[in-house]
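The values are calculated or read from the model by the stated rules, or taken from the named source; none is laboratory data. Since this is a predicted model, take the numbers as computed values, not measurements. Here Cβ is always computed from backbone atoms with ideal geometry, including for glycine, and neighbour counts include all displayed protein chains.
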Amino acid sequence: MESVSFDERRELDQLRDRVRATRRATSGPLLVFGVAITVFAVYDGTVSYAFVPLPLYWPLCTLVALLALTGMDRMRRGRTGVGAGPFSYGKAAVLLAAVVLAGSTVWFFPFTKLLLWPATVLTVLAVRQGNRPLAVRSGIIGTVMIAGWAFDGPVPGGWLHPFVMGAGGVALIVLGLVWRGRERTIA
Amino acid sequence: MIEHTQRPPSLVEPGAPAAPLRRPESGALAVPESLPASEPASHPALELDELVHQKTRLALLAVLDEAGRADFPYLKRLLGLTDGNLGRHLETLAGQSLIAIEKGHEGRRPRTWAAISPAGRAALAAEMDLLAAIVERFRNARN
């Protein structure tokens, strides 16, 4: 029987990393959610006319972000021949839509104002896909959220609010770009 | 376009033939003939499923577990296999319902996809648990 040595177990992990890198499984969500958070910070800080009420921004924006990731994933699948992974963005979007529908029957506006939405969605994606780098980086917005909480009660408020969130969004974009470069190398 | 500049891992041997295998019955241990019948088969290595444990098939299951599904050219390129060798290993796995082969067309271009089944995921998870148990046993023996 051909045996699998300890080194070969590591090689299996490297194979998984290469597949994940081909799928852009870490940089894709980081960039999309980084942009969403930055847009939210600008929207919250500068725009007086609310085209979409702020409490509804996150449920809607997260759904749009997941659908955008689904579309990008589908295009990449056609080009590279790699599937959507163990927990596709489409499945995540359906799950989120179910949560939004279920949540709309109860009052959960405080959730919609915080960065809890993107932090939760990214963490769920990372855990279901077994993607540790994504889980670590999604912790950044969780930290920003908690920092905002510490600044000014349950909902970070005042003039500092957009700056704190904007910094979180830009951090995710930068990390996403750095990780994309790494994915290109290891894919 | 993604460039694959790295050498495929040595886990996969491009020339290795896919030997026909019979999967042991569920729960049965693959005890080597050299082992006395009275010897208790307690070592986790004896519980490895040879069908899953073979290097190329193990690599294929690991890749498909991560990707969900992958097409024939991608698997060939990633693992550095020939058409015939990859086809034989995929057939072996499909024969045990560990993966499903889907043939289709994209425009006029034929495309073959391999997708891991729940049984395939379970078999891979069991294999990885056994390997972890072997590593732990090895470390305990050394300490």
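For the reader, a short list of remarks on this structure follows.
- Number of positions in region B:74-88 that are without any contact (Cβ under 8 Å) to a residue 40 or more places away in the chain, within 11 Å of chain A (Cβ to nearest Cβ) and of a type outside the set (A, V, I, L, M, F, W, C): 2
- Any hit, region A:63-80, residues being at pLDDT below 85 and more than 23 Å from A:A126 (Cα to Cα): no
- Output for region B:41-73, where each listed residue is more than 14 Å from the chain's Cα centre (by Cα), surrounded by fewer than 17 Cβ atoms within 10 Å (Cβ to Cβ) and at the interface with another protein chain (Cβ under 7 Å from one of its Cβ atoms): B:P73
- In region B:119-133, the condition of being in a strand (DSSP E or B) and under 22 Å from A:T22 (Cα atoms) is met by no residue.
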